Each structure stands twice: as structure tokens, then as C-alpha cells.
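Q: Just passing along the structure, written as C-alpha cells.
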Amino acid sequence: MVPTTSSETDQNSETKSSFHEVSNAKPPQVAVSVADKKLAANVAIVQTETLTSTATDKSLLQNGDNQKLRVSAHREAAIPMGELNGAEYIGINEVPSPRANNAKKVSLLPLIFLIFYEVSGGPFGVEDTVHAAGPLFALLGFLIFPLIWSVPEALITAEMGTMFPENGGYVVWVSSALGPYWGFQQGWMKWLSGVIDNALYPVMFLDYLKSAIPALGGGLPRILAVLALTLVLTYMNYRGLTIVGWVAVSLGILSILPFVVMGLISIPKLKPARWLVADVHNIDWNLYLNTLFWNLNYWDSISTLAGEVHNPKKTLPKALFYAVILVVLSYFFPLLIGTGAVPLERDSWTDGYFSDIAKILGGVWLRCWVQGAAAVSNMGMFVAEMSSDSFQLLGMAERGMLPEFFAKRSPHGTPLIGILFSASGVILLSWLSFQEIVAAENFLYCFGMILEFIAFVWLRIKYPNAPRPFKIPGGTIGAVLLCIPPAILIGVVLAFSSIKVMVVSLVAVAIGLVLQPCLKFIEKKRWLKFSISSHLPDITSHGPLLH
């Protein structure tokens with residue numbers, strides 16, 4: 001990755017002044033390719049084969065040489081509409097993601113399990129749905145909720161992620177549609193939501209182990225355990241995304257296996273009548289909706305790793321499709337087993353109760369296996385979430401939204417500063433309770449999703465004919481209809497939020513609204529260095545967005 005420097009900007013300015021000479025010369029190696037002439041086209045991106053020096057470049061331009069010069073997709077390189085003779089246009093989805101190293105990219109199977117851990121990680125954490133609403137509503141929730149929320153979000157992620165296959169994901173989507181200010185707000189809310197979410201996993205890890213090791217229930221041993229776990233998993237992220245991906249595959253198999261065994265053991269004890277138990281007058285809707293929402297969201301998080309995926313145009317949609325099936329099954333069948341094979345005690349259905357069910361059905365050995373599976377599941381969710389959060393910061397730095405040092409990669413190709421910032425946030429927030437963490441991150445996540453829906457629909461309206469390697473059918477009307485059910489659900493989740501969570505979340509949003517102008521002031525004063533990677537296309541309103 002080569003950041004845009006001041007010298008490159010000067011060179012681009014000189015190149016711009018000679019651009020008409022290149023355009024009129026029409027070298028034989030440059031072909032015109034405009035998908036839709038009605039689309040706004042303001043920046044000509046011409047690919048580079050050889051660049052030796054500024055003097056050589058000028059000579060090549062004057063002689064009409066056949067070598068092609070790639071003009072950086074920087075805002076300063078924009079030219080007026082109509083001056084397009086001989087320019088070769090490329091879609092944003094055709095620009096390779098810059099990589100500062102030769103690290104391997106993520107293939108299909110690891111990507112499926114990374115998505116699985118971004119969203120789910122297994123049934124650990126779904127117990128509160130039974131506690132809040134009883135077996136029937138818990139089971140219906142994990143059948144209906146995915147259709148209202150998970151499927152639309154996964155489809156939008158597949159379309160937008162293949163349009164913008166670069167690190168930064170949803171930040172780039174919102175920036176391209178609504179401008180860099182709102183793109184930054186999206187990045188701030190989603191990053192903060194992700195860090196809050198990641199603070200859950202050490203808590204859940206210790207909650208499952210404290211029945212076997214009571215000392216982990218609180219005090220200094222718990223604090224030390226949180227710190228040690230965070231450091232180990234952070235180091236795993238540092239070592240590389242490919243390693244994280246295959247670790248996610250291994251941990252995913254280990255997380256699912258004990259529930260397969262539990263299902264086989266439970267068959268003689270299943271009583272279908274237990275699945276129909278419902279008490280409509282005794283439902284904690286706030287806990288029920290927040291738990292469902294938390295367990296079935298974050299499908300878009302994988303988009304921040306799109307630049308690290310092998311052939312994302314094909315791999316990302318396939319991975320999302322298989323991951324949706326895997327996630328729904330990993331929730332529904334354990335709930336079917338737990339509620340059908342064991343007499344209902346709603347008050348017992350809290351975080352960690354699946355290990356007690358395992359003991360009832362199979363004995364201590366199965367309980368230990370489920371506890372171990374819960375531990376590795378939380379490890380998988382932690383490393384997947386941290387990968388997403390840290391690569392998001394790297395993508396924002398490549399877009400000039402954050403200081404340049406956030407784009408620094410480790411020798412393993414991982415975002416060093418992003419990992420350190422994300423790990424620090426996890427440690428600071430891990431003292432909160434499970435319910436407080438879930439409610440706070442859901443609130444922030446809802447705001448971010450509203451911006452995503454607006455960006456998705458607006459890009460359909462503004463650029464209906466833009467290349468979309470994966471496109472949801474139905475046109476603009478279909479895009480609007482797809483967003484209506486999850487948008488209504490967002491309103492319901494926000495309405496059930498407590499005053500405390502609402503105030504804390506709104507303060508966090510307000511910080512983001514002020515933070516972006518402050519960073520712009522710092523950039524203007526040159527107290528910190530900001531730059532836009534020269535390998536990325538321009539996504540501003542006057543740039544060559546999708547031709």
C-alpha cells in the first residue's frame with residue numbers, strides 16, 4: 001500500500017494539465033469503455049505500466065507514447081464532464097485492494113466461519129429468549145427474525161460488498177452515497193458498537209467456566225482472566241487473518257459437535273408439547289428483542305475485510321448464503337433440544353444454562369464438553385469481531401478519514417494500530433453486565449444500519465446501471481421494500497431501549513458528530529498526517545463512481 005503523498009499530488013496536477021494531449025492522441029492500448037453514458041464521469045483512471053520519473057512522464061505525454069499512465073483517483077485529479085476523449089474507465093469493483101504484503105487472502109470456507117463467528121458462534125447467549133418469552137416465542141423468534149432482519153442484511157452486504165471490495169466496507173458505502181462526513185459517523189458508530197460487542201465474549205467465556213471454577217465469578221481472578229484472555233486472542237489477530245480464518249473453522253466445528261451429540265441423546269426424552277408453552281402476558285419484550293437482535297445481526301461486519309478476500313465478487317455472496325443457513329440451524333436445533341427434553345424453568349434460562357442442560361441429559365462429561373465448546377466459541381467470536389473492527393480502522397485511514405498511522409500493517413499484514421485500539425476498548429468495557437452491553441451496542445448498531453439502508457437505496461436511485469457483480473432483483477422499488485421490515489424492527493428495538501442505554505448511546509453518537517470536524521481541523525493544521533491511498537478509486541460525488 002502506497003499512501004498519496006504531497007509529491008504525488010504535485011505530479012498528478014502536472015499530469016492533469018497534459019491530459020488532453022493523451023486523450024487526443026488516442027494510444028492504441030487505451031480503449032473507451034463507458035457502461036452508461038448518462039452516469040456522471042469526472043475522473044479518468046488510466047492504468048500504469050511504467051513510471052520512471054516526472055520528466056520521463058512528461059516526455060511520454062508529449063510523444064503520444066503507447067505506455068499507459070495511471071492517474072491516482074484523488075479528488076484533485078477530477079476533470080470536467082465532457083473531456084473524456086480516449087479515457088479508459090474502470091468500475092470501483094475492478095480496483096484491486098492495496099496490500100502492503102504478500103499475505104494470503106481468505107478463501108470460501110474460512111470466510112463462512114468468519115461470518116458465522118461475526119454473527120453467531122453457536123447457541124451460547126440465546127438462553128435469555130426463553131427466559132424472556134418462553135419456548136414457543138423463542139423458537140418462533142429464531143425462525144421469523146432471520147427473514148425480517150438477517151436475510152435482508154446479508155443480501156445488502158453481498159451487493160454492496162461486491163460493489164466496493166475494499167477494507168472499510170460499510171464506511172465506503174455510506175461515504176459514496178452521503179459523503180465523507182456521514183461515512184465517518186457510520187465508521188464511528190459501527191466501530192464502537194463492534195468493540196462493545198467484543199467486550200461480551202470474555203464475560204460469556206468466564207460465565208460458562210465459573211460453575212467449574214467459582215473463583216472466576218468475580219474479584220481479582222476474574223479481572224486477571226479477562227486481561228489474559230484478551231491478550232492471547234489479540235496476539236492471534238496480530239499473527240494474520242488467514243490464521244484467524246482457519247482457527248475459526250476449527251473452533252466452529254468444536255462448538256457445534258457437542259450439540260449434535262446432545263441432540264442424539266435427547267431424542268427419547270423429547271416432548272413436543274413443551275415447545276408450545278407461551279405466556280403472552282408475561283413477556284419481557286426488551287430482553288427478548290435485544291437478545292434476538294444481538295444474536296442475528298452483524299452480517300455487514302464481514303464487508304470491512306472485503307479487501308482481504310480471494311475473488312470477493314463470487315466468494316462473498318456464496319459465503320453469506322451458507323453462513324445464513326449455518327447460523328439459523330446452530331440456534332434453532334439446540335433450542336429445540338433444550339426446551340423439548342427438559343422441564344421448563346424459565347428463571348433458569350440465563351447465560352450459561354446450556355451447560356446445565358447437558359449435565360441433565362448426558363452427565364458431567366457432556367457438561368464439560370459444552371463448557372469447552374462455549375469457551376472456544378467465545379474465542380472465535382472475539383477474533384472474528386476484532387479482525388472486522390481493526391480492518392475497518394485501516395480502511396478508514398486508507399480513505400483519509402483517520403490519521404495515516406492507522407493504516408500501518410504488521411509484518412503479518414494485519415492492522416497493528418487498529419488491533420491495539422480495539423483491544424483497549426474491549427478491556428475498558430468488559431466490566432459491564434451482559435444485558436447492558438447487549439442493549440448499548442444494539443442501540444448504536446441500529447443507527448449505523450439506518451445509514452446503510454439509506455446509502456443502499458440512494459445508490460440504487462443515483463446509479464441504477466452501475467456494475468453490481470451481485471445484484472438483488474427488483475430494481476429500486478424492490479430495494480425500498482427490502483429495507484422496510486428491518487427498518488420497522490429497528491424502530492421497535494430503539495423504542496424498547498431503557499433511558500440509561502438511550503442516554504449513553506446518544507452521548508456516544510454526539511461524540512462522533514464532533515470528532516470528525518476535530519480531525520479535519522487537525523488535518524488542516526498538519527498536526528497529524530492524513531492521506532488517501534493512491535490505489536483506491538475516488539468515491540466522492542464528483543468522482544468516477546461506478547462506470
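Q: I'd like the full set of residues that are assigned to a helix (DSSP H, G or I), open to solvent by less than 10 Å² (accessible area, probe 1.4 Å) and more than 15 Å from Val492 (Cα to Cα), limited to segment 442-470.
A: Of everything in segment 442-470, those that are assigned to a helix (DSSP H, G or I), open to solvent by less than 10 Å² (accessible area, probe 1.4 Å) and more than 15 Å from Val492 (Cα to Cα) turn out to be Gly448, Glu452, Ala455, Phe456, Leu459, Arg460.
Q: Take the conditions in contact with an Asp or Glu (Cβ under 8 Å, 6 or more places away or on another chain) and either surrounded by 18 or more Cβ atoms within 10 Å (Cβ to Cβ) or farther than 25 Å from Pro317 by Cβ (or both) and apply them to Ala397. Does it pass? So that I can check it myself, show each step before the final result.
A: On the way: in contact with an Asp or Glu (Cβ under 8 Å, 6 or more places away or on another chain): yes; either surrounded by 18 or more Cβ atoms within 10 Å (Cβ to Cβ) or farther than 25 Å from Pro317 by Cβ (or both): yes.
Yes; evaluated as a whole, the condition is true for this residue.
Q: Only one residue in Leu402, Leu416 is in contact (Cβ under 8 Å) with a residue 40 or more places away in the chain, open to solvent by 10 Å² or more (accessible area, probe 1.4 Å) and over 19 Å from Met236 (Cα atoms), so which one is that? Before you say what the answer is, go through the steps one by one.
A: Values: Leu416 fails: over 19 Å from Met236 (Cα atoms).
It is Leu402.
Q: Search segment 419-428 for residues being of a type in the set (A, V, I, L, M) and either under 20 Å from Asn297 (Cα atoms) or open to solvent by less than 40 Å² (accessible area, probe 1.4 Å) (or both), and hand back the single one that is modelled with the lowest pLDDT. Even if it seems obvious, please write down each step before you answer.
A: Kept after step one, since they are of a type in the set (A, V, I, L, M), are these residues of segment 419-428: 419-420, 423, 426-428.
Next, from what is left, pick out any that are either under 20 Å from Asn297 (Cα atoms) or open to solvent by less than 40 Å² (accessible area, probe 1.4 Å) (or both): 419, 423, 426.
Working: Ile419: 91, Ala423: 86, Val426: 78.
Ranking the candidates gives Val426 first.
Q: If I filter segment 493-509 down to residues being in a helix (DSSP H, G or I) and over 22 Å from the mean Cα position of the chain (by Cα), which single residue comes out as surrounded by the fewest Cβ atoms within 10 Å (Cβ to Cβ)? If you could, list the steps in order and put the result at the bottom.
A: Here is the first cut: in segment 493-509, the residues in a helix (DSSP H, G or I) are 493-495, 499-509.
Those still in the list that are over 22 Å from the mean Cα position of the chain (by Cα) too: 495, 499-504, 507.
On the way: Ala495: 11, Ile499: 7, Lys500: 11, Val501: 22, Met502: 15, Val503: 11, Val504: 16, Val507: 9.
Going through the qualifying residues, I end up with Ile499.
Q: Something else: Restricting attention to segment 471-487, does a residue exist that is more than 26 Å from Leu513 (Cβ to Cβ), free of Cβ contacts under 8 Å to residues at least 60 places away in the same chain and crowded, with 16+ Cβ neighbours inside 10 Å?
A: Keep residues of segment 471-487 that are more than 26 Å from Leu513 (Cβ to Cβ), which gives 471-482, 484-485.
Narrowing the set further to residues that are free of Cβ contacts under 8 Å to residues at least 60 places away in the same chain leaves 473-481, 484.
Subsequent filtering for residues that are crowded, with 16+ Cβ neighbours inside 10 Å retains 479-480.
Checked segment 471-487: at least one residue is more than 26 Å from Leu513 (Cβ to Cβ), free of Cβ contacts under 8 Å to residues at least 60 places away in the same chain and crowded, with 16+ Cβ neighbours inside 10 Å.
Q: Still on this model: Any residue that is under 30 Å from Leu336 (Cα atoms), open to solvent by 20 Å² or more (accessible area, probe 1.4 Å) and without any contact (Cβ under 8 Å) to a residue 12 or more places away in the chain - is there at least one of those in segment 187-209?
A: So far as segment 187-209 goes, no, none of its residues is under 30 Å from Leu336 (Cα atoms), open to solvent by 20 Å² or more (accessible area, probe 1.4 Å) and without any contact (Cβ under 8 Å) to a residue 12 or more places away in the chain.
Q: Continuing with this model, one more query. Evaluate segment 120-138: report whether one residue or more is within 24 Å of Leu316 (Cβ to Cβ) and either among the acidic types (Asp, Glu) or part of a helix (DSSP H, G or I) (or both).
A: Restricting attention to segment 120-138, the residues satisfying the condition of being within 24 Å of Leu316 (Cβ to Cβ) are 120-122.
The next check asks that each one be either among the acidic types (Asp, Glu) or part of a helix (DSSP H, G or I) (or both); those that pass are none.
No: segment 120-138 contains no residue that is within 24 Å of Leu316 (Cβ to Cβ) and either among the acidic types (Asp, Glu) or part of a helix (DSSP H, G or I) (or both).
Q: I'd like to know if segment 227-247 contains one or more residues that are open to solvent by 20 Å² or more (accessible area, probe 1.4 Å), at pLDDT 85 or above and within 19 Å of Gly352 (Cα to Cα).
A: No, that holds for no residue.
Listed here are the residues, each with its yes/no results for (1) of a type in the set (A, V, I, L, M); (2) within 15 Å of the chain's Cα centre (by Cα); (3) open to solvent by 10 Å² or more (accessible area, probe 1.4 Å); (4) closer than 22 Å to Leu254 by Cα.
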| residue | (1), (2), (3), (4) |
| --- | --- |
| Lys313 | no, no, yes, no |
| Ala323 | yes, yes, no, yes |
| Val328 | yes, no, yes, yes |
| Gly340 | no, no, no, no |
| Glu345 | no, no, yes, no |
| Ile360 | yes, no, yes, yes |
| Ala374 | yes, no, no, yes |
| Asn378 | no, no, no, yes |
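The values are calculated or read from the model by the stated rules, or taken from the named source; none is laboratory data. Here the structure is a predicted model, which means the values were calculated and not measured. With ideal geometry, Cβ positions are generated from the backbone for all residues, glycine too; neighbour counts draw on all protein chains shown. Note: areas computed on protein heavy atoms with side chains; ligands, DNA, RNA excluded. Shrake-Rupley method; radii C 1.70, N 1.55, O 1.52, S 1.80 Å.
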